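Q: Next up is a structure, given as structure tokens.
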Amino acid sequence: MTTSSELVQPTAPGTSLPGAVSLDPVLRPRSIAVIGASRTPNTIGYQILDNLLRHGYAGAVYPVNPKAEVIHSIRAYHSIAEIPDPVDLAMIVVPKQHVCSVAEQCGEKGVRGLVVISAGFREVGGEGVERERALLGIVRRYGMRLVGPNCMGVLNTAPDLSMNATFAPTMPPPGPVAFMSQSGAMGVTILDYAAEYGVGISQFVSVGNKPDVSGNDLIHYWSEDPRTGLILMYMENFGNPRRFTALAREITRRKPIIVVKSGRSGAGSRAASSHTAALAETDVATDALFAQCGVIRVDTVEELFDLAMAFSHQPIPRGKRVAIVTNAGGPGIIIADACEAQGLVVAELAEATRQRLAAFLPEEASLGNPVDMIASATPRSYRAAVESVLADPGVDAVIATFVPPLGVRQEDVAEAIVEAVREHGGKPVLAVLMGREGLPQGLAELQRVGIPGYRFPESAVRALAAMHRHRLWLERPEGSLRSFPADRDRVAALVHHAHSEGRSRLSEVEVMEVLEAYGIPVAAHRVARTAEEATRAADEIGYPVVLKALSPRVIHKSDVGGVRVDLRDAAEVRAAFQQIWREVPERAGIPPQELEGVLVQAMARGGKETIIGMTSDPAFGPLLMFGLGGVYVEALRDVVFRIHPVTEVDAREMVGSIRGVRLLEGIRGEPPTDLAAIEEVIQRISQLVADHELLHELDINPWMAYAEGGVAVDARIMLRSARS
């Protein structure tokens with residue numbers, strides 16, 4: 001059984017991203033100067049110095065204050081230049097207008113790390129932006145590393161260091177969890193939670209505005225820290241999401257990363273000219289990034305700690321089969337329902353396990369799963385029951401829940417669970433203690449030996465389900481990028497010609513030509529400018545056919561009567577052509593001469609309508625999308641996104657992740673569609689996007705999926721602005 005701690009690579013920390021200066025001066029300093037140290041209680045300058053001394057920092061500490069000779073019974077210096085010894089780290093707690101001059105003095109002194117607590121920089125805009133730019137210039141010039149500004153400090157619980165260089169009132173217990181917070185206020189709360197929940201912290205960093213040291217630097221550093229087995233992050237935005245993806249994809253194979261990422265809502269929106277862009281207005285890019293690199297996303301800090309308790313001490317389950325042990329039917333049913341909802345399986349207990357349970361449980365007890373020992377269950381019953389189900393080869397994990405009846409103490413049941421795990425460990429065991437009496441003592445007993453204890457059943461199931469998903473990630477193939485034969489030059493010429501004309505979109509005919517150049521099947525089609533040409537084209541293609549108005553001013557053709565379907569002979573084609581020519585200019589509000597003709601296209605029958613698309617995110621780059629298509633795509637919103645480039649594993653997951661995948665797999669006797677063909681088209685689109693950076697948005701809607709192959713029926717491509 002592999003635990004999260006066993007995933008740690010025992011290599012020494014000390015290197016940051018390639019080409020960057022080590023973070024050791026910040027996270028493992030041999031000496032610290034507190035610039036702005038204060039003798040006044042309840043000030044940040046006082047609290048940081050007090051925390052360093054009170055928690056036994058093992059290095060040298062130098063208070064710096066131009067108006068004090070002694071602070072905390074330690075000699076103070078008027079400036080950092082007066083300190084006679086080398087200084088690794090400077091904690092800067094001075095008014096914003098003095099930060100840059102202090103940083104300059106630190107650089108001249110040879111200080112290698114800065115933590116700027118002071119606020120009043122980019123977060124306030126205006127002069128603050130320039131102030132932060134000047135600070136970063138000083139840091140770069142002297143080769144220093146900078147945490148902050150506008151942060152709450154850093155912390156390292158290593159026994160040989162014991163550094164609390166924050167102004168938080170709480171020192172968390174040591175442990176395997178590294179934590180980054182982008183919010184100082186959240187950082188204080190997080191350290192309080194860590195102490196309350198018994199989550200041991202290895203290192204903590206409040207990054208603030210992060211112009212220098214970022215989340216990417218920290219996860220890289222922590223990936224090499226032997227004391228860190230789990231990385232937690234509270235994030236508000238990404239600095240370099242593509243770099244994060246590359247790092248996290250490799251790190252999560254060794255150490256889990258769990259993130260609270262704020263900003264799920266789509267409050268900020270922009271005009272979108274494609275279905276794909278319209279559907280990408282919320283937080284789908286972040287979800288796609290996390291899915292592709294194995295990061296576990298949670299919605300709340302409470303959920304973050306629910307998972308942290310499980311991941312930091314318990315082994316990762318080998319499968320999804322769960323045994324439930326309880327002394328009350330209700331909680332057992334709640335856990336069973338929650339397991340099913342979270343993709344876990346309530347295990348079928350072996351007959352030998354049932355017989356073992358029957359030997360000590362009363363007749364009224366349930367020997368199935370959940371194992372309901374009824375209210376008379378004793379701590380001894382709990383120990384024996386947990387031992388029994390742990391020994392069952394068909395069980396991958398155990399959740400034990402206890403509702404306190406009269407005469408049985410929470411802490412005694414907790415001790416019984418602890419003893420069972422001690423004797424029969426190797427599988428994850430989570431506990432749920434319900435009821436207030438004795439709860440703190442019971443949870444403390446569980447935490448003491450690393451068994452996560454929860455107040456509510458759903459919390460335990462949620463944590464176990466996340467552990468199972470991490471196991472699936474560890475077993476997931478890394479995937480590779482496929483390369484298909486394509487006429488790149490032909491597409492480049494089309495795209496650059498349209499771009500040079502200042503056009504923001506390709507014509508329908510050009511789009512079809514682009515798709516064909518990349519081996520993507522399209523419905524047979526011809527362009528017609530007269531009724532006679534339309535009937536001749538229909539005769540060549542074969543009936544039935546569809547007619548579509550061609551005009552750069554008409555995007556949603558069906559809204560203005562620009563589409564006629566299921567035309568079965570020449571007379572119907574001629575009549576449809578005349579209707580389009582007569583009605584579309586008036587309904588679209590365009591001059592008749594802007595109607596360039598019609599597209600005569602073979603009508604696609606049967607199959608399932610899907611959508612395959614791409615849109616460009618300013619931070620994340622191209623996003624590829626797949627989902628159920630047709631006219632209901634934005635109403636149903638059954639789509640999934642992945643960040644470009646897309647491997648064959650990504651494409652397979654995209655197709656399998658939509659809610660309507662069963663429709664594609666075939667239900668009620670319908671034949672399954674060719675999912676492999678869909679996956680290949682997604683990969684071909686990924687290659688197309690990689691080859692041509694001027695592509696901004698793309699929709700194939702619908703891609704008609706058949707039992708064998710498929711065909712693009714309608715598509716559009718938007719280009720980047722000619723001014724960009």
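The values are calculated or read from the model by the stated rules, or taken from the named source; none is laboratory data. Nothing here was measured: the structure is a model prediction, and the numbers come from that model. As a convention, Cβ positions derive from the backbone with ideal geometry for all residues, glycine included, and neighbour counts pool all protein chains shown.
Q: Check Gly656, Gly629 and return the single one that is within 25 Å of Phe290 (Cα to Cα) and touching a residue at least 40 places away in the same chain (Cβ under 8 Å).
A: Gly629
Q: Determine if segment 331-350 includes at least one residue that is outside any helix (DSSP H, G or I), touching a Phe, Trp or Tyr at 6+ places or on another chain (Cβ under 9 Å), under 27 Å from Gln441 (Cβ atoms) and in contact (Cβ under 8 Å) with a residue 12 or more places away in the chain.
A: no
Q: Among all residue pairs at least 6 apart or on different chains, which show Cβ distances below 9 Å where the first residue, located in segment 252-263, is aliphatic (A, V, I, L, M) and the second is modelled with pLDDT of 95 or more and assigned to a loop (DSSP other than H, G, I, E, B)?
A: Ile257/Gly294; Ile257/Val295; Ile258/Val295; Val259/Val295
Q: To continue, here is another question. All but one of (1) at pLDDT 90 or above; (2) in contact with a helix residue (DSSP H, G or I) (Cβ under 7 Å, 6 or more places away or on another chain) hold for Leu304; which doesn't?
A: Going through the list (1) at pLDDT 90 or above; (2) in contact with a helix residue (DSSP H, G or I) (Cβ under 7 Å, 6 or more places away or on another chain), Leu304 breaks only (2).
Q: If you don't mind, another one. Just to be sure before I move on: is Tyr77 touching a residue at least 60 places away in the same chain (Cβ under 8 Å) and hydroxyl-bearing (Ser, Thr, Tyr) in the structure I sent?
A: No.
Q: Answer yes if at least one residue in segment 135-148 is more than 34 Å from the chain's Cα centre (by Cα), within 13 Å of Val64 (Cβ to Cβ) and in the same structural domain as Asp50 (by TED's automatic domain parsing), and no otherwise.
A: No: zero hits.
Q: The conditions are (1) of a type outside the set (S, T, N, Q); (2) surrounded by 21 or more Cβ atoms within 10 Å (Cβ to Cβ); (3) in a helix (DSSP H, G or I), and Val260 fails exactly one of them. Which is it?
A: Result: Val260 fails condition (3) only.
Q: To continue, here is another question. I need a count of the residues in segment 466-500 that are part of a loop (DSSP other than H, G, I, E, B) and among the small types (Gly, Ala, Ser).
A: Total satisfying the criteria: 4.
Q: Turning to a different aspect of this structure: Being on the phi < 0 side of the Ramachandran plot and in a loop (DSSP other than H, G, I, E, B) is the filter here, so list the residues in segment 160-185 that pass it.
A: Scanning segment 160-185 gives Asp160, Leu161, Phe167, Ala168, Pro169, Thr170, Met171, Pro172, Pro173, Gln182, Ser183.
Q: A follow-up question, please. Can you list the strands (runs of 3 or more DSSP E) found entirely within segment 599-646 that contain at least 1 residues being surrounded by fewer than 20 Cβ atoms within 10 Å (Cβ to Cβ)?
A: 608-617, 621-628
Q: So Arg488 ticks every box in (1) at pLDDT 90 or above; (2) more than 30 Å from the chain's Cα centre (by Cα); (3) within 22 Å of Glu303 (Cβ to Cβ) but one. Which box is left unticked?
A: Here Arg488 meets the rest and fails (3).
Q: Determine, yes or no, whether Val199 is under 27 Å from Glu108 (Cβ atoms) and touching a residue at least 40 places away in the same chain (Cβ under 8 Å).
A: no
Q: Considering Ala463, Ala431, Ala414, Ala420, which residue is aliphatic (A, V, I, L, M), in a helix (DSSP H, G or I), in the same structural domain as Ile335 (by TED's automatic domain parsing) and under 28 Å from the mean Cα position of the chain (by Cα)?
A: Of Ala463, Ala431, Ala414, Ala420, the one residue that is aliphatic (A, V, I, L, M), in a helix (DSSP H, G or I), in the same structural domain as Ile335 (by TED's automatic domain parsing) and under 28 Å from the mean Cα position of the chain (by Cα) is Ala463.
Q: Could you please tell me which pairs satisfy a Cβ distance under 6 Å, a separation of 6+ or placement on different chains, a first residue in segment 61-72 that is crowded, with 17+ Cβ neighbours inside 10 Å, and a second residue that is part of a loop (DSSP other than H, G, I, E, B) and not hydrophobic (A, V, I, L, M, F, W, C)?
A: Short answer, once both residue conditions are applied: Ile71/Arg39.
Q: What are the residues in segment 501-536 that are under 45 Å from the mean Cα position of the chain (by Cα), assigned to a helix (DSSP H, G or I), farther than 15 Å from Leu694 by Cβ and in contact (Cβ under 8 Å) with a residue 60 or more places away in the chain, if any?
A: If the condition is that a residue be under 45 Å from the mean Cα position of the chain (by Cα), assigned to a helix (DSSP H, G or I), farther than 15 Å from Leu694 by Cβ and in contact (Cβ under 8 Å) with a residue 60 or more places away in the chain, then Glu508, Val509, Met512, Leu515 are the ones that fit.
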